[in-house]
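Novice: Quick one: structure below, then a few questions.
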Amino acid sequence: MTMSRWLILGATSPIAREFARVAAVGGADIVLAGRDIEDMERSAADIRTRSERAVSVVEFDALDMASHEAFVRRFDEGATGAGGEGPVGIFVAFGFMPAQAEIDAAPELAAHVINANFTGAASVLLWLKPVLEKRKGVVVVLGSVAGDRGRASNYTYGSAKAGLHTFLQGLRIVLGRAGVRVITIKPGFIDTGMSWGVAKDGPLMAQPKALAERALKLADGRGEGETYFPWFWFGIMTIIKSVPYKIFRRLPI
């Protein structure tokens with residue numbers, strides 16, 4: 001089922017920009033939501049030129065959870081350009097991943113990481129839940145392979161993503177009863193600022209556009225549940241999860 005409109009949360013990320021472009025070229029109207037209005041206006045102008053679709057820009061801060069209720073109300077009423085009726089796609093792309101060493105040195109960063117990767121997403125999706133139950137549609141959320149097992153190199157970020165994955169498992173059941181699909185995509189290394197210095201240009205690195213195209217294909221098809229991107233991360237993470245702790249704790253990962 002192809003969505004006629006998409007709300008993209010965290011629209012200034014490279015993956016979100018690519019998703020907006022491919023979704024608009026595919027015939028959908030777009031609502032870009034994020035903190036950097038100027039950046040999103042530039043993206044909106046580019047997308048309109050490429051697709052001739054309606055593209056609107058609205059301010060959204062995942063960390064300002066007190067604002068989520070009003071944001072969702074405006075979206076549902078059509079004030080953000082999405083219209084007040086018909087199915088809608090929700091693409092959740094925001095996140096924050098400092099190095100674990102930075103968090104260890106400044107523990108106050110931990111709350112930021114958890115809120116940016118888990119709590120903020122849970123908050124806005126819970127406010128969107130009755131809208132989705134009413135209007136139907138699909139939710140696509142970017143998780144991470146880091147959430148599959150705690151590792152010394154990024155256990156704070158990984159724990160936030162693990163919480164997000166578990167939250168989405170339950171939300172998937174609840175929204176599924178109303179005919180809404182929830183898709184969790186667990187990417188490995190994607191060529192964005194979050195991955196600079198990590199497996200740069202190596203064989204495990206994938207491009208944002210490829211991930212965006214895969215996400216849209218799953219949303220427009222019958223995709224549901226959890227999936228890895230690229231596909232080979234399923235095998236990698238199956239092995240990582242099966243390594244006994246006494247061995248795993250000695251691995252340099």
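The values are calculated or read from the model by the stated rules, or taken from the named source; none is laboratory data. Everything numeric in this text was worked out from a predicted model, so none of it was measured. Note that each Cβ is placed from the backbone with ideal geometry, even for glycine, and that neighbours are counted across all protein chains shown. Areas reflect the complete protein model, heavy atoms only, side chains present, ligands, DNA and RNA absent. Shrake-Rupley method; radii C 1.70, N 1.55, O 1.52, S 1.80 Å.
Novice: When both residues are 6+ apart or on different chains and their Cβ atoms are under 8 Å apart, which pairs have a first residue that lies in the range 5-26 and is open to solvent by less than 10 Å² (accessible area, probe 1.4 Å), and a second that is polar (S, T, N, Q)?
Specialist: So the pair list comes out as Leu7/Thr80; Ala11/Ser43; Ala20/Ser43; Ala24/Ser51.
Novice: Name every residue in the range 114-123 that is buried (at least 23 other Cβ atoms within 10 Å of the Cβ) and among the aliphatic types (A, V, I, L, M), in order of residue number.
Specialist: Passing the criteria: only Ala121.
Novice: Identify, by number, the condition in (1) open to solvent by 30 Å² or more (accessible area, probe 1.4 Å); (2) among the hydroxyl-bearing types (Ser, Thr, Tyr); (3) part of a helix (DSSP H, G or I) that Tyr157 doesn't meet.
Specialist: The failed condition is (1).
Novice: Among residues belonging to the range 45-61 that are under 12 Å from Ala20 (Cα atoms) and not hydrophobic (A, V, I, L, M, F, W, C), point out the one that is most open to solvent (accessible area, probe 1.4 Å).
Specialist: Among them, the one singled out is Arg50.
Novice: Between Phe94, Phe167, which is assigned to a loop (DSSP other than H, G, I, E, B), open to solvent by less than 60 Å² (accessible area, probe 1.4 Å) and either among the hydroxyl-bearing types (Ser, Thr, Tyr) or out of contact with any Asp or Glu (no Cβ under 6 Å at 6 or more places or on another chain) (or both)?
Specialist: Being assigned to a loop (DSSP other than H, G, I, E, B), open to solvent by less than 60 Å² (accessible area, probe 1.4 Å) and either among the hydroxyl-bearing types (Ser, Thr, Tyr) or out of contact with any Asp or Glu (no Cβ under 6 Å at 6 or more places or on another chain) (or both) holds for just one of Phe94, Phe167, which is Phe94.
Novice: If you don't mind, there's one more thing I want to ask. Look through Glu85, Glu133 and report the one residue that is surrounded by fewer than 23 Cβ atoms within 10 Å (Cβ to Cβ), under 23 Å from Asp220 (Cα atoms) and either at pLDDT 95 or above or among the aromatic types (Phe, Trp, Tyr) (or both).
Specialist: That would be Glu133, the only listed residue that is surrounded by fewer than 23 Cβ atoms within 10 Å (Cβ to Cβ), under 23 Å from Asp220 (Cα atoms) and either at pLDDT 95 or above or among the aromatic types (Phe, Trp, Tyr) (or both).
Novice: Identify all residues within the range 99-109 that are surrounded by fewer than 17 Cβ atoms within 10 Å (Cβ to Cβ) and either in contact (Cβ under 8 Å) with a residue 40 or more places away in the chain or part of a loop (DSSP other than H, G, I, E, B) (or both); write none if there are none.
Specialist: Ala99, Ala106, Pro107, Glu108
Novice: Within the range 207-253, can you find the residues that are surrounded by 10 or more Cβ atoms within 10 Å (Cβ to Cβ), assigned to a helix (DSSP H, G or I) and of a type in the set (Ser, Thr, Tyr)?
Specialist: Thr238
Novice: When only residues in the range 62-79 that are modelled with pLDDT under 95 and in a loop (DSSP other than H, G, I, E, B) count, which is surrounded by the most Cβ atoms within 10 Å (Cβ to Cβ)?
Specialist: It comes out as Ala79.
Novice: Does Ala20 qualify as being at pLDDT 95 or above and of a type outside the set (Asp, Glu)? Spell out the reasoning first.
Specialist: Values: at pLDDT 95 or above: yes; of a type outside the set (Asp, Glu): yes.
Here the answer is yes, as Ala20 does meet what is asked.
Novice: Taking the range 168-196 as the region of interest, how many residues are at pLDDT below 95 and either among the basic types (Lys, Arg) or under 11 Å from Val141 (Cα atoms) (or both)?
Specialist: Counting residues in the range 168-196 that are at pLDDT below 95 and either among the basic types (Lys, Arg) or under 11 Å from Val141 (Cα atoms) (or both) gives 0.
Novice: Ile37: open to solvent by 20 Å² or more (accessible area, probe 1.4 Å), among the β-branched types (Val, Ile, Thr) and at negative phi, yes or no?
Specialist: For Ile37, the condition - open to solvent by 20 Å² or more (accessible area, probe 1.4 Å), among the β-branched types (Val, Ile, Thr) and at negative phi - is met.
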